[in-house]
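The values are calculated or read from the model by the stated rules, or taken from the named source; none is laboratory data. Note that the structure is predicted; figures quoted are calculated from it, not measured. With ideal geometry, Cβ positions are generated from the backbone for all residues, glycine too; neighbour counts draw on all protein chains shown.
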Amino acid sequence: MTPPRRVLPRRTRLALAATLCAATALALPAIANAAPGTIVSIDPTEVPPAGPAVTLTVTGKFPAGTTDPTVFIDDFRLTTTDNANSGDTATELTANVPASRVKEPGERKITVWNCKQGSDCNEPSDGVVFTVLDANPAPTVTSLLPSTITTGTLGAVVQVNGTGFIPATQG
């Protein structure tokens, strides 16, 4: 025959539950206190639209060790590799930006978040702008060489200098 089960009074059960929760919280890594980190630079800073996937290098100072610094483009989490770290600080991260994220022209926000084992994240770094260029920007002509040509000159070569030329028109 089994002995009767003893039920603890409600006050004792609540006190025991609070003690267990406090003990569990002490045993978990303190991810909430990890500093957000700082992005110093990204490479590349801009890409053409509708191109292939891009490997983005993010340089800075990010907490590592108990957290995994993870790169985001806007609100999309990227596969991130910690390339260089010194103890608890990552200094260079590489992230794979899928082609679907560089399809349309415009500015994107790159941030680095502290993530615990690839799940919960907190405290993003300041954002850095990553630009997907316009497919056909308006060109700006800054000079012509030579600046004048005599009427009727055959076979004259004119150099047009400026910005915003698409690759098919350069040469």
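Figures for the structure shown
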item	result
Hits in region 103-148 - residues which are over 15 Å from residue 50 (Cβ atoms) and among the aliphatic types (A, V, I, L, M)	110, 112, 128, 129, 138, 141, 144, 145
Yes/no for residue 124 being of a type outside the set (Val, Ile, Thr), at pLDDT 90 or above and surrounded by 14 or more Cβ atoms within 10 Å (Cβ to Cβ)	no
Residue within region 145-153 that is without any contact (Cβ under 8 Å) to a residue 12 or more places away in the chain, over 16 Å from residue 70 (Cβ atoms) and surrounded by 11 or more Cβ atoms within 10 Å (Cβ to Cβ) present	yes
Residues being within 20 Å of residue 71 (Cβ to Cβ) and in contact with a Gly (Cβ under 8 Å, 6 or more places away or on another chain) - total across region 124-144	3
Of the criteria (1) under 24 Å from residue 53 (Cα atoms); (2) surrounded by 10 or more Cβ atoms within 10 Å (Cβ to Cβ), which one residue 100 fails	(2)
Region 127-144, subset at pLDDT 85 or above and within 28 Å of the chain's Cα centre (by Cα), residue surrounded by the fewest Cβ atoms within 10 Å (Cβ to Cβ)	129
